[in-house]
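The values are calculated or read from the model by the stated rules, or taken from the named source; none is laboratory data. Everything numeric here is computed off the predicted structure, so don't read it as measured data. Here the Cβ is made from the backbone with ideal geometry for all residues, glycine too, and neighbour counts use every protein chain on show.
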Amino acid sequence: MDRYLKVYFMIFGVLLLVAVPGYGYDLSGVWNGDDGGKYYIRQIGDTLWWLGSNPPNWANVAKGTIGGDTITLDWADVPMGSIASNGILVLRINSDNKLTAEKKTGGFGGSNWSR
C-alpha cells in the first residue's frame, strides 16, 4: 500500500506542474528584441519580470503573469532613457526561445524577442 501512495503522489506532483500555468516554460535569461533592445527576464513560477533597455534611447520595466502560452504584462518606461510611456503587452510564447507580441498599448516598439 505504501508503494501505491508514493506513486500516487509522484503522479499528482507531475500533473500539478503541468496544470499550473507558466511552469512548463523557462523564460529567464537575456533576450534580444527587434526594437534593438536587450531584455533581462526573470521568471518565478507564473510571474515574469523584465528590464528592457536600449541606452541612451529608452529603458522599461515590466511585470506580468504567464497563463498557458500567453504572457500579460504591465510595462512602464523609466527615466534611464528619454521616453516616458506605459501600457499593456500581451505576448505569445512560441517556445522557450521566442516570444511574439499579440497586443501592445502605449506605443511599445518591440514585437519579437529571441535568445
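Considering each of G81, G106, G68 in turn, give the residue that is closer than 27 Å to G24 by Cα and not charged (D, E, K, R). Talk me through it step by step, then tell me what you get.
Details: G81 fails: closer than 27 Å to G24 by Cα; G106 fails: closer than 27 Å to G24 by Cα.
None of the other options fit; the residue is G68.
Could you say which residue among G33, G68, G37, G52 is surrounded by 18 or more Cβ atoms within 10 Å (Cβ to Cβ) and closer than 15 Å to T100 by Cβ? Give the steps one after another, and end with the answer.
On the way: G68 fails: surrounded by 18 or more Cβ atoms within 10 Å (Cβ to Cβ); G37 fails: closer than 15 Å to T100 by Cβ; G52 fails: closer than 15 Å to T100 by Cβ.
Exactly one of G33, G68, G37, G52 is surrounded by 18 or more Cβ atoms within 10 Å (Cβ to Cβ) and closer than 15 Å to T100 by Cβ, namely G33.
Those residues that are touching a Gly at 6+ places or on another chain (Cβ under 6 Å) and of a type in the set (D, E, K, R), I need them from the stretch 93-115; list them, please.
Matches in the stretch 93-115: R115 only.
When the residues of the stretch 72-105 are narrowed to those that are surrounded by 15 or more Cβ atoms within 10 Å (Cβ to Cβ) and of a type in the set (G, A, S), which ends up nearest to G37 (Cα to Cα)?
My answer is G81.
Would you point out the residue of the stretch 1-52, among those that are of a type in the set (A, V, I, L, M, F, W, C), assigned to a loop (DSSP other than H, G, I, E, B) and modelled with pLDDT under 95, that is nearest to T70 (Cα to Cα)?
Step by step, filter the stretch 1-52, then rank; the result is V20.
What are the pairs with Cβ atoms under 8 angstrom where one residue, in the stretch 24-35, is on the phi > 0 side of the Ramachandran plot and the other, located anywhere, is among the β-branched types (V, I, T) and modelled with pLDDT of 95 or more? Sequence gap at least six, or different chains.
As it stands, the answer is G29/I41, since those pairs meet every condition given.
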